[in-house]
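Q: There's a structure below that I have some questions on.
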Amino acid sequence: MNLDQLQRLFTAPLFPLGRQNLSLLWILEVLLLLLAVSLAARWLKRLLNGRVLQWFALQQGRREAIATLVSLGIAALGYVVVIQGMGLDFGALAVLFGALGVGVGFGLQDLTRNLSSGLTLLMEGKLKVGDLIEFGSTTGTIREISIRSTVIRTFQGAEIVVPNSAITNGPVKNLSYLSCDGRVDVLSLIHI
């Protein structure tokens, strides 16, 4: 296969979408640009959370929530700019997105619930990384609060990943909310 045949393979129209003919090269360019936008949004989140928002003396949870929202907004805007810049008209995609939206909406209800619960946990600050909590039959310290889930490390050394919606919809006893002082009841069993 010579260079001319390879060029025709990558530039040959596969199918039309609106006014744009999609080719293999076009699809690769879009994927690379979307990947670049995703990486830039992730870098921006780290920069905001790790450096910029620390200047404002915000709690870790609020910094995480603000950085996540800003990076998601930048990513969404970047995706729209890439798609529009590559010549796709959103009018042509509206029917496709509408049909997919109904099906995906039902499937992503739980994910959406966990995302909104994660933002609630991070913004409220009632639970923070390092807090000793009792949740159901689990007692341990919070190791990480992310947008979708919370990681709890038990005294046995296990790490439990709990969906955020379970934490916001159920009672959680925070044993270190205002103070780390507390009491632990130890039962001893004596066998005679």
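Q: In what order, largest first, do 15, 106 sit by accessible area if the probe radius is 1.4 Å?
A: On the way: 15 100, 106 150 Å².
Per-residue accessible area, sorted high to low, gives 106, 15.
Q: A follow-up question, please. So how exposed is residue 100, as accessible area in Å² (1.4 Å probe, rounded to 10)?
A: Here the residue's solvent-accessible area equals roughly 90 Å².
Q: Another question about this same structure. Hey, got a sec? Which trypsin sites (Lys or Arg not before Pro) in the stretch 1-77 land in a DSSP loop and have at most 16 other Cβ atoms within 10 Å?
A: Values: sites: 8, 19, 42, 45, 46, 51, 62, 63; in loops: 19.
Loop-located and lightly packed - 19.
Q: Something else now. When the helices in the chain are scored as -39500 (n - 2.57) per DSSP H run of 4 or longer and the sum is shared across all residues, what 222 nm value do you end up with, to the nearest 500 deg cm²/dmol?
A: Values: 6 runs with 99 residues, N = 192.
Result for the chain: -17000 deg cm²/dmol, rounded to the nearest 500.
Q: Cut-off 10 angstrom, C-alpha nodes, Gaussian network model of the chain. Which of 11, 112, 68 fluctuates the most?
A: 11
Q: What is the stretch 1-134's relative contact order, in percent, from Cα pairs under 8 angstrom and six or more apart in sequence? List each step's numbers first, then the result.
A: Values: 83 pairs, mean separation 35.4, N = 134.
That works out to 26 percent.
Q: May I pose another question? Pairing the Cα long axis of helix 60-85 with the longest principal axis of the chain, what angle in degrees results, from 0 to 90 and rounded to the nearest 10?
A: Relative to the chain, helix 60-85 is tipped by roughly 10 degrees.
Q: The list [x] 17.5; [y] 19.7; [z] 20.7 gives values of Kirkwood radius over Cα pairs in Å, and only one came from this structure; which label was calculated from it?
A: [z]
The values are calculated or read from the model by the stated rules, or taken from the named source; none is laboratory data. All values derive from a computational prediction rather than experimental measurement. Please note: Cβ atoms are built from the backbone with ideal geometry, for glycine as well, and neighbour counts cover all protein chains shown. Only protein heavy atoms, including side chains, enter the accessible area calculation; ligands, DNA and RNA are left aside. Shrake-Rupley method; radii C 1.70, N 1.55, O 1.52, S 1.80 Å.
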